[in-house]
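Participant: Structure provided below as structure tokens; questions to follow.
The values are calculated or read from the model by the stated rules, or taken from the named source; none is laboratory data. Worth saying up front: this structure is predicted, and the values here are computed from it rather than measured. Cβ sites come from the backbone with ideal geometry, for glycine too, and all protein chains shown count toward neighbours. Heavy atoms of the whole protein, side chains included, go into the accessibility calculation; ligands, DNA and RNA do not. Shrake-Rupley method; radii C 1.70, N 1.55, O 1.52, S 1.80 Å.
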Amino acid sequence: YMGIEQFNQIVNYINKMDDTYDVIVCGTGLTECILSGLLSQEGKKVLHIDRNPYYGDESASLNLTALWKVFRPGQQPPQYLGTNRDWNIDLIPKFVVASGQLVKILLKTRVARYLEWKVVDGTYVLQVKEGGIFSKGGPQLFKVPGNSSEALKSDLMGLFEKRRCKNFFQFVAKYDPAAYKPGQPRILEGVDLDTVSYTHLTLPTIYSVQISVVAVSLKKK
């Protein structure tokens, strides 16, 4: 059902639209927004439309009212949850490497203006531990160390692994992009940063993904 006022608003909006466009992009998801932005940067006349009453499609962030309309139509959010301003719920949280190509695309197409960025506070792994005299066994959640101090305190690694992990964090902390000129080999403590691979780092297996991300960050700077 559509009220007469809403109908008139739509008619007035349509009357103001141009008759011809170079490209029509349907949907306002992340991919569609990037595509629309790139085409606009190339001077194309783009009509960007969405059937949903909110922006972002499957990547949208919704307040309480919008969330209930999508998943519980015809119902109202409980009052004890508070007001819309208290909530901003991501349908699909996104993980983006800080210095990756995607960030550059989002900035170039100005899609970044419609995104809210947050640094990852930490990563966690679930492991099954054997019970001891003073501890219970079973699945437990552990934080993956993010600095040398956490590495020494972590229960995920043995004594020697903790030391190797601590040394790695200290090694990364010494890296300074400003210390290298364009075209100059980037050597840090005898390690070629442009060719070193994860297999040469001899770190605990829990870092197989995290170290790959760090390597990408070093490479892109």
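Participant: Cα centroids of segment 149-191 and segment 6-79: how far apart, whole angstrom?
Facilitator: Cα centroid of segment 149-191 versus Cα centroid of segment 6-79: 45 Å apart.
Participant: Another question, if that's okay. Which order do the peptides 49-55, 73-79 take when ranked by the mean count of other beta-carbon atoms within 10 Å per residue, highest first? If you can, show how the numbers build up before the last one.
Facilitator: Details: 49-55: 12.3, 73-79: 9.4.
Result, highest mean first: 49-55, 73-79.
Participant: Would you please give the residues with an amide H less than 5 Å from that of V25, counting only those at least 5 places away or on a separate chain, with H modeled from the backbone geometry?
Facilitator: L47, H48, I49
Participant: For each pair in K45/K181; K94/K166; K44/K181; K153/K174, compute the distance between the two Cα atoms and list the pairs where it is over 31 Å. Before the final figure, lay out each step's value.
Facilitator: Working: K45/K181 41 Å; K94/K166 29 Å; K44/K181 38 Å; K153/K174 22 Å.
In this structure, K45/K181; K44/K181 exceed 31 Å between Cα atoms.
Participant: On the protein heavy atoms, probe 1.4 angstrom, tell me the percent of accessible surface of the chain carried by carbon and sulfur. Write out the running numbers ahead of the final one.
Facilitator: Values: 9250 of 16530 Å².
It is 56 percent, rounded to a whole number.
Participant: So, one more: What is the sum of charges, Lys and Arg at +1 and Asp and Glu at -1, for the other residues whose Cβ falls under 12 Å from the Cβ of T28?
Facilitator: Numbers: positive: R51; negative: E32, D50, D57, E58.
Net local charge, T28 excluded: -3.
Participant: Between V191 and V128, what length comes free when the chain is fully extended (0.36 nm per residue of separation minus the Cα-Cα distance, one decimal in nm)? Walk me through the intermediate numbers first.
Facilitator: Working: separation 63, 0.36 × 63 = 22.68 nm, distance 3.60 nm.
Answer, rounded to one decimal: 19.1 nm.
Participant: Still on this structure, please answer the following. How high is the FRET efficiency between Y54 and V119 when r is their beta carbon distance and R₀ equals 25 Å, given to the nearest 0.05?
Facilitator: Details: r = 26 Å, r/R0 = 1.03.
Calculated transfer efficiency: 0.45.
Participant: Taking R0 as 30 Å, what FRET efficiency do you get between I10 and I89 from their Cβ-Cβ distance, rounded to the nearest 0.05?
Facilitator: On the way: r = 28 Å, r/R0 = 0.92.
Rounded to the nearest 0.05, the efficiency is 0.60.
Participant: Work out from phi, with θ = phi - 60° and the Karplus expression 6.51 cos²θ - 1.76 cosθ + 1.60, the ³J(HN,Hα) of each residue of segment 59-73, listed in order in whole Hz, and give x for Gly and Pro.
Facilitator: After applying 6.51 cos²θ - 1.76 cosθ + 1.60, I find 9, 6, 10, 10, 7, 4, 4, 5, 5, 5, 5, 7, 9, 9, x Hz.
Participant: Treating cross-link reach as a plain straight distance, find the aspartates and glutamates whose alpha-carbon is under 20 Å from the alpha-carbon of K118, omitting any fewer than eight places away in the same chain.
Facilitator: E58, D86, D90
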